[in-house]
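J.: The structure follows.
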């Protein structure tokens, strides 16, 4: 199956704990791959609008992971 497609679909789930786990997984996968495949960046950024502090922290951690990868040659 398509891992990134499945992860992307979970970013819009009504279960916010699942969304946070997905964000963490995306960051972990990206770190392990040492490359960014963030064709779904807009979906990640939409999660920043959530009123839950932990959701926003999770989004920022995911973006930090992606940023570290993008800065690494």
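J.: Looking at the range 26-43, which of the residues that are within 11 Å of residue 11 (Cα to Cα) and in contact with a helix residue (DSSP H, G or I) (Cβ under 9 Å, 6 or more places away or on another chain) is modelled with the lowest pLDDT? It would help to see each step written out before you state the result.
T.: Of all residues in the range 26-43, those within 11 Å of residue 11 (Cα to Cα) come to 26, 40-43.
If we keep only those that are in contact with a helix residue (DSSP H, G or I) (Cβ under 9 Å, 6 or more places away or on another chain) as well, we get 26, 40-41, 43.
Values: 26: 86, 40: 73, 41: 80, 43: 86.
In this case the residue turns out to be 40.
J.: Also, I was wondering about something else. For residue 46, are the conditions met, namely being over 10 Å from the mean Cα position of the chain (by Cα) and modelled with pLDDT of 85 or more?
T.: Working: over 10 Å from the mean Cα position of the chain (by Cα): yes; modelled with pLDDT of 85 or more: yes.
So residue 46 passes the test.
J.: Is it the case that residue 2 is at pLDDT 85 or above and over 9 Å from the mean Cα position of the chain (by Cα)?
T.: no
J.: Do you know which residues across the range 49-70 are out of contact with any helix residue (DSSP H, G or I) (no Cβ under 7 Å at 6 or more places or on another chain), modelled with pLDDT of 75 or more and farther than 18 Å from residue 8 by Cβ?
T.: Scanning the range 49-70 gives 51, 53, 57, 60, 64, 67, 68.
The values are calculated or read from the model by the stated rules, or taken from the named source; none is laboratory data. Just so it is clear, the structure is predicted and the values come from calculations on it, not from any experiment. Here the Cβ is made from the backbone with ideal geometry for all residues, glycine too, and neighbour counts use every protein chain on show.
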